[in-house]
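No lab work stands behind these numbers, since they all come straight from the coordinates. Because the structure is predicted, anything quoted here is derived from the model rather than measured. Every residue, glycine as well, gets a Cβ built from its backbone with ideal geometry; the counts of neighbours run over all protein chains shown.
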Amino acid sequence: MNQRMLTVEIHDASPATLDETLEIRERLADIGIDRPSLLVVPNYQDEGGHAWDLRDYARTVDFLLAEQEDGSEIIQHGYTHRAPGPPPPGLANAFMHHVFSRGCAEFAHLSARQARERLQAGRQILDECGLSTRGFIAPAWQQSLATTALLNLLGYEFTAFLNKVLPLGGRRPALHTWAQTFDAAGPIIDFAKRVAMRGLEYVSRGAGLLRVALHPGDLYGARPLDYALGRIQRILEHRRLVTYSEWLSLRPSCAFWRSACSPPRERWRSSPC
């Protein structure tokens with residue numbers, strides 16, 4: 001059995017992005033991706049404050065239910081996908097808010113009370129739509145420590161950051177693996193991202209799990225989706241597709257576990273089982 005695996009994620013699925021989500025899903029099906037991970041925003045909000053409550057959009061719900069039935073994984077992706085206010089003071093916070101996440105890091109600085117309200121409201125919407133989720137991934141992969149602690153308390157089984165996947169409930173240690181992401185604000189960033197992602201793909205060639213994250217923005221500008229699909233095809237030549245829940249259910253071999261869950265600089269010190 002091929003122990004090296006791949007997850008393919010479609011981020012920001014919502015009524016506001018349905019056309020883009022459908023196109024990405026169709027393009028993935030064309031290259032043999034039959035069960036992507038769909039990161040669903042329950043109450044997507046745009047920069048102008050307009051909100052799309054998933055319960056009010058039957059076409060989007062029907063699409064997601066059909067995907068769930070066919071084996072795709074539904075993952076809660078924030079509540080509104082919009083930061084509720086400006087970031088705390090500091091250059092690093094300003095950079096992450098304005099440049100990296102472009103105002104979408106909804107859970108980056110939330111208190112426990114704020115995080116609980118948004119997590120529960122989002123999960124209620126998904127439940128009422130008949131969508132089940134075992135995991136939560138925050139917009140822009142940024143969440144406060146209070147959010148992570150609450151995910152454990154509220155019964156979520158996994159979460160993920162830009163550089164790792166974290167099983168919850170004491171199931172396993174964190175899996176150190178970078179997500180490849182291609183959405184770019186302009187041609188210079190687009191070119192730089194393609195170079196960086198090829199580098200990540202290369203250095204992760206022996207890792208147990210590789211993650212590819214696709215966004216609605218991949219369809220615009222230089223259309224990085226076309227490039228990403230080509231890379232996914234190449235990766236599928238030596239990896240098998242899984243969802244996060246499938247990965248959690250596996251009992252990997254000793255060799256796989258050393259490769260998958262040790263940070264690169266520590267792998268040489270891993271001892272046999």
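Assorted remarks:
- Taking every DSSP beta bridge that has both ends in the stretch 141-249, the antiparallel portion is near 65%.
- Shown for V242, V195: other C-beta atoms within 10 Å of each C-beta, ranked fewest to most, produce the order V195, V242.
- Loop chymotrypsin sites (Phe, Trp or Tyr not before Pro), the stretch 190-233 (other Cβ atoms within 10 Å of the site Cβ: 16 or fewer; DSSP): Y220
- Distance in nm between pseudo-label sites at E47 and I189 (7 Å out along the Cβ direction from Cα): 1.1
- Fewest-first ordering of F63, F136 by other beta carbons within 10 Å of each residue's beta carbon gives F63, F136.
- Cα-projected label distance for D30 with A121, points at 7 Å along beta-carbon direction, nm: 3.9
- For the stretch 99-151, diffusion coefficient by Stokes-Einstein and Kirkwood Rh (Cα), 37 °C, 0.692 mPa s, µm²/s: 282
- Sites listed here are trypsin sites (Lys or Arg not before Pro) in the stretch 117-224 whose DSSP assignment is loop and whose Cβ has at most 12 other Cβ atoms within 10 Å: R171, R205.
- Sum of side-chain charges, Q45 neighbourhood, beta-carbon under 13 Å (Lys, Arg +1; Asp, Glu -1): -3
- Modelled label positions at L145 and R205, each set 7 Å beyond Cα in the direction of Cβ, lie 3.9 nm from each other.
- nm² value of the averaged projected area, convex hull over the Cα atoms of the stretch 5-269: 14.0
- The ranking of E47, E20, E9 by Cβ neighbour count inside 10 Å, starting from the fewest, reads E47, E20, E9.
- Rounded to 0.05, the FRET efficiency of the Q114 and H238 pair, given R0 = 41 Å and the Cβ-Cβ distance, is 0.45.
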